[in-house]
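Chemist: What follows is a single structure, and I will ask about it in a moment.
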4 protein chains.
Amino acid sequence: MTNFKSLLENYKIIFFDAYGVIKTYKGLIPGIEKTFDWLNEQKKTYYIITNDASRSPELLADYYHKEGLHQITPGKIISSGMLAKEFLDLKVKKGLIAYLGTEESAHYIEHPGLNTLPLQQMNEDNINDITALVLLDDEGFDWMDGLNKAVNLLRRRTIPAIIANPDGAYPMSKRDVGIAIGGLAWMVEKITGKKFIRFGKPDSQIFMFAWEHIIKDHPEITKRDVLMIGDTLHTDILGGNKFGLDTVLVLTGNLLPQDYQTRIISSGIAPTYICESAVVERDFLN
Amino acid sequence: MTNFKSLLENYKIIFFDAYGVIKTYKGLIPGIEKTFDWLNEQKKTYYIITNDASRSPELLADYYHKEGLHQITPGKIISSGMLAKEFLDLKVKKGLIAYLGTEESAHYIEHPGLNTLPLQQMNEDNINDITALVLLDDEGFDWMDGLNKAVNLLRRRTIPAIIANPDGAYPMSKRDVGIAIGGLAWMVEKITGKKFIRFGKPDSQIFMFAWEHIIKDHPEITKRDVLMIGDTLHTDILGGNKFGLDTVLVLTGNLLPQDYQTRIISSGIAPTYICESAVVERDFLN
Amino acid sequence: MTNFKSLLENYKIIFFDAYGVIKTYKGLIPGIEKTFDWLNEQKKTYYIITNDASRSPELLADYYHKEGLHQITPGKIISSGMLAKEFLDLKVKKGLIAYLGTEESAHYIEHPGLNTLPLQQMNEDNINDITALVLLDDEGFDWMDGLNKAVNLLRRRTIPAIIANPDGAYPMSKRDVGIAIGGLAWMVEKITGKKFIRFGKPDSQIFMFAWEHIIKDHPEITKRDVLMIGDTLHTDILGGNKFGLDTVLVLTGNLLPQDYQTRIISSGIAPTYICESAVVERDFLN
Amino acid sequence: MTNFKSLLENYKIIFFDAYGVIKTYKGLIPGIEKTFDWLNEQKKTYYIITNDASRSPELLADYYHKEGLHQITPGKIISSGMLAKEFLDLKVKKGLIAYLGTEESAHYIEHPGLNTLPLQQMNEDNINDITALVLLDDEGFDWMDGLNKAVNLLRRRTIPAIIANPDGAYPMSKRDVGIAIGGLAWMVEKITGKKFIRFGKPDSQIFMFAWEHIIKDHPEITKRDVLMIGDTLHTDILGGNKFGLDTVLVLTGNLLPQDYQTRIISSGIAPTYICESAVVERDFLN
């Protein structure tokens, strides 16, 4: 167990996961605003690196503001949806983009020159105009109808299929999880034999997206100056490690203090450090 | 390509798959009643070996009768649901059996001493009384609600989880498929890390179930006397081969005349014979 | 924890796994002969159900005799290799059977009318005569040569590929495991896209093989009269449960007393009972 | 089918896969030197992006020089081994790096402050000093010994495991393939339950590595200016597409002219363009 504040002092850039690090199903982690106050005071740079493609960075930031955390602005948030957006911009220049998700999540697929189609509205008249399928969120559609349409679209059309949040499940309460859009995508892949293009941790491309922002402004920065903070071994820690960053596992989310050692050993995914939480203040009290 | 009728002459017992061999999404295969007339005339024994656990053998037989095929009686039908029933009878002696499927499919889990619970009715009061989970049919429940409940039940309780139809998808029309309950089970397994017990082809236990019926009445029969007829390589043909039976692939279902050779080569699953269909009459015309 | 001897009293037929139940890498489990003495005295029927296809039942029995356990005769041993033998007998009537394994393991593939070929001797002259591939044992061949030949044989020929021992690894010492032939088969399957036919626990067919022996002599026996004893959740316990048998997990093999509860919960595979060991005497001392 | 030379005219930067595009098991693709002459003449920038970690960029370039292709210098070659090297540099600061591969492949893991150990020399005295495992090449070790050691090392030590070439197999002749180190890694992962960190196409990090080189010298370049040329859908084309590049499939390697359409449809991975080969001259003759 490492003291979180003394750890932060060694890095110039801090990457935070959102869920399990800054907030949980119950709201903000108590005291987390102190961490961001301190980072601002120290003039350290930080980013939120999140697999949440259910809404735009603007709407994600709104949530923090409403909860009283004013330091997180849209420009600080890098979501996997932004990579889906970049992919469509570079690789899918025309046609109709079909999606599964809410209207808010469709933010990421709106581009000049492209039309979007909630997959539930796919029919024999428009199926041949569809040029990509994007899975954004587990809400906003009837699963039986939407998943069957996804399977049949991919059987009939050779088009890119993108998943903007690779997580299989997410915590809904102290005990229960919800199946996430990444879990639904596994089934569609297995049935169709086709692979989704996955954007989001642990894949390196989301870290690279943040990295390109950083080196534009701070060309002197190296990967040794960056610390990734997360609560999940298979996404935050594996992804951060693979990208070459030092990583901290915090115990306020997916992993409980009594479980984390077993899980590190059984998965083979080891963080550089382990801290109780990402709250600066709490460490003073210990 | 082998003549179907001359092939039948070499066997005493015939196993038929149902979907793609006797019927399709459009109804009965035209002329299939001639095959069963001829089998009766020749005093050959036959069984329908089906992964359809959506209704009881009685209701499955009703369908054939309504369509004019009177030779298929409930006693001739061996469905994967019957194996789920036997398992529950032997291994789950008390408690509440939760299920996903229609009310008709629940036929297979009704036992003296056991209560059944549509999984959508699971709640904090009854979750600890549940002693098994059975997935029977893709209809009869809301997928988002039902699948999330299946995941959380298996996370919280160490109980047997049974899948009574391992098929991943089934043909819905000339072009489209529907996701079957076996496809939904893959996702629940991957998210929870727990394995369903699968009953149904290609697993041997369904063939053994039929086999035990046969050798009681005809102890002289050997596996060389039995022919398995199916339209699907991964279930009917693989399962029949593995059980030691001769197998025929018919081209009236899953595999089209232009595709079957490629699919046999790429899967490595080869039937003993290939016939155009399971209709006796049609062969005369050729 | 259940007393092993009082448990045995409730069953007429006992199935034992071999490795981890009767013997380990160090030799026989101390005192195990008392169990077999008692079973003989009580006139209970027993079988050894093993995934070991590395030698014939005669040679497997020889080992027990040399170690002083005289009660286990070849007729009491049912090995997964015997199912491979039955499959070849029924389904592969001619040609050249290629195999990976030792000369002793080749016992299972010797049939009148068939020739056998150690896979390392495959070449351009004989590859087209090969009618089946059987993986028997991880010893007896150079892995680089043999595995590459297995991959290329299955790419070029559409023939049945059989694995006579589905285990992925086996204990070599207190700490270390050895990769078993089933683990090598996973790789060949993934590279070629073709599936091996797997004989051996947890697949039902090996239990059925024993069952058919039993009901011939004792037609009054039901599955309720049979107890399966094993040390491995994914083979012995899962397979026994699925076949409808009561099962006992013993803690003298794969699972240690401090681990078994976590492993049962994480896998979802629960034995009917748990006993310290399969030694009758040891229970008296407790 | 697109004319290769007219396609090249639209891009400023060209990425080439090596095997199947520039060379095959028979040597250089005839005429390929004309392509590089033309690129030099046009002052276009090019890189070789290869999953070959069996030797250093210097030795890889030597091969081309010996074959008469003088334009490919070590600085033009970006191999997956270089990413493994960067990872070790950033994340494994001390200890003993165990590896599977030839002495030449060990080039990638030699770092000041680190010692290297051929995995075959692992024993009870040094196992606890090992701080990472790197799989580099399928040659240079006995598979039975090396793979068993890899499995037991990962069971006993929680250390990063890296695979520097994720390919499962590679062409050895017109008909046959060889199992590659990536194929061996699948088996070790499945047996141990631990995941290797994979560097190399289709993973984005190798493209990013090239990209960072480019934007340092040419900050005006965008991804629209780059073309990726490859012969394999699952590595070159999938990886290039995902990184946001335009892609060309050439038919001189893995995919034959009669197969590529079926493979694109069944995998769902579509290149932006298809060309006969990467030879500029050959197009003139058509």
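Chemist: If B:Arg263 satisfies all but one of (1) more than 13 Å from every other protein chain (Cβ to nearest Cβ); (2) farther than 19 Å from B:Phe4 by Cα, what's the number of the condition it fails?
Modeler: Of (1) more than 13 Å from every other protein chain (Cβ to nearest Cβ); (2) farther than 19 Å from B:Phe4 by Cα, only one is false for B:Arg263: (1).
Chemist: Out of D:Thr222, D:Thr252, I need the residue that is more than 23 Å from A:Asn241 (Cβ to Cβ), facing chain A (nearest Cβ under 10 Å) and of a type in the set (S, T, N, Q). Which one?
Modeler: D:Thr222 is the lone residue from the list that is more than 23 Å from A:Asn241 (Cβ to Cβ), facing chain A (nearest Cβ under 10 Å) and of a type in the set (S, T, N, Q).
Chemist: Criterion first (more than 7 Å from every other protein chain (Cβ to nearest Cβ) and part of a strand (DSSP E or B)) does A:Ile162 satisfy it?
Modeler: yes
Chemist: Just need a number here: residues in segment D:150-159 that are touching a residue at least 24 places away in the same chain (Cβ under 8 Å), touching a strand residue (DSSP E or B) at 6+ places or on another chain (Cβ under 8 Å), within 11 Å of chain C (Cβ to nearest Cβ) and not aliphatic (A, V, I, L, M).
Modeler: The total comes to 1.
Conditions tested, residue by residue: (1) surrounded by fewer than 24 Cβ atoms within 10 Å (Cβ to Cβ); (2) touching an Asp or Glu at 6+ places or on another chain (Cβ under 7 Å).
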residue	(1), (2)
C:Ala169	yes, no
C:Met172	yes, no
C:Val177	yes, no
C:Ile181	no, yes
C:Lys195	yes, yes
C:Lys201	no, yes
C:Ile206	no, no
C:Glu212	yes, no
C:Asp225	yes, no
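Chemist: Can you name every residue in segment B:184-219 that is within 13 Å of chain C (Cβ to nearest Cβ) and among the acidic types (Asp, Glu)?
Modeler: Within segment B:184-219, B:Glu189, B:Asp203, B:Glu212 meet the criteria.
Chemist: How many residues does segment C:18-33 hold that are basic (Lys, Arg) and farther than 18 Å from C:Val248 by Cα?
Modeler: 1
Chemist: Can you tell me which residue is farthest from A:Arg263 (Cα to Cα) among those in segment D:130-150 that are touching a Ser or Thr at 6+ places or on another chain (Cβ under 6 Å) and surrounded by 21 or more Cβ atoms within 10 Å (Cβ to Cβ)?
Modeler: D:Asp137
Chemist: Can I ask one more? What is the residue count in segment D:172-183 for residues that are part of a helix (DSSP H, G or I) and more than 7 Å from chain C (Cβ to nearest Cβ)?
Modeler: Qualifying residue count for the region: 2.
Chemist: For segment C:164-175, what are the residues that are touching a helix residue (DSSP H, G or I) at 6+ places or on another chain (Cβ under 9 Å) and in contact (Cβ under 8 Å) with a residue 40 or more places away in the chain?
Modeler: Selection gives C:Ala164, C:Asn165, C:Pro166, C:Asp167, C:Met172.
Chemist: Out of B:Asp231, B:Asp246, B:Asp236, report the one residue that is of a type in the set (D, E, K, R), under 22 Å from C:Val92 (Cβ atoms) and away from every other protein chain (no Cβ under 13 Å).
Modeler: Every option except B:Asp236 fails the conditions.
Chemist: Identify the single condition in (1) modelled with pLDDT of 95 or more; (2) under 27 Å from C:Gly183 (Cβ atoms) that D:Pro171 does not satisfy, given that it satisfies every other one.
Modeler: Condition (1) is where D:Pro171 drops out.
Chemist: On to the next question. Only one of (1) in contact with a helix residue (DSSP H, G or I) (Cβ under 6 Å, 6 or more places away or on another chain); (2) crowded, with 24+ Cβ neighbours inside 10 Å; (3) under 20 Å from C:Lys43 (Cβ atoms) fails for C:Gly230. Which number is that?
Modeler: That leaves (3) as the condition not met.
Chemist: For segment D:135-146, check the following and say yes or no: at least one residue is under 23 Å from C:Glu189 (Cβ atoms), away from chain A (no Cβ under 14 Å) and free of Cβ contacts under 8 Å to residues at least 12 places away in the same chain.
Modeler: yes
Chemist: For A:Asp231, work out the one condition from (1) in contact with a Leu (Cβ under 8 Å, 6 or more places away or on another chain); (2) acidic (Asp, Glu); (3) over 15 Å from A:Pro202 (Cβ atoms) it doesn't fulfil.
Modeler: Status for A:Asp231: all satisfied but (3).
Listed here are the residues, each with its yes/no results for (1) buried (at least 18 other Cβ atoms within 10 Å of the Cβ); (2) hydrophobic (A, V, I, L, M, F, W, C); (3) assigned by TED's automatic domain parsing to the domain that holds A:Ala278; (4) over 21 Å from A:Pro202 (Cα atoms).
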| site | (1), (2), (3), (4) |
| --- | --- |
| A:Tyr25 | no, no, yes, yes |
| A:Pro30 | no, no, yes, yes |
| A:Glu33 | yes, no, yes, yes |
| A:Asp37 | no, no, yes, yes |
| A:Tyr46 | yes, no, yes, no |
| A:Leu60 | yes, yes, no, no |
| A:Glu67 | no, no, no, yes |
| A:Thr73 | no, no, no, yes |
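Chemist: Answer yes or no: is there a residue in segment A:100-117 that is free of Cβ contacts under 8 Å to residues at least 12 places away in the same chain and within 13 Å of chain B (Cβ to nearest Cβ).
Modeler: Looking through segment A:100-117, none of the residues is free of Cβ contacts under 8 Å to residues at least 12 places away in the same chain and within 13 Å of chain B (Cβ to nearest Cβ).
The values are calculated or read from the model by the stated rules, or taken from the named source; none is laboratory data. Bear in mind that the values here come from a model prediction, so they are computed numbers and not experimental data. Backbone-built Cβ (ideal geometry, glycine too); neighbour counts: all protein chains shown.
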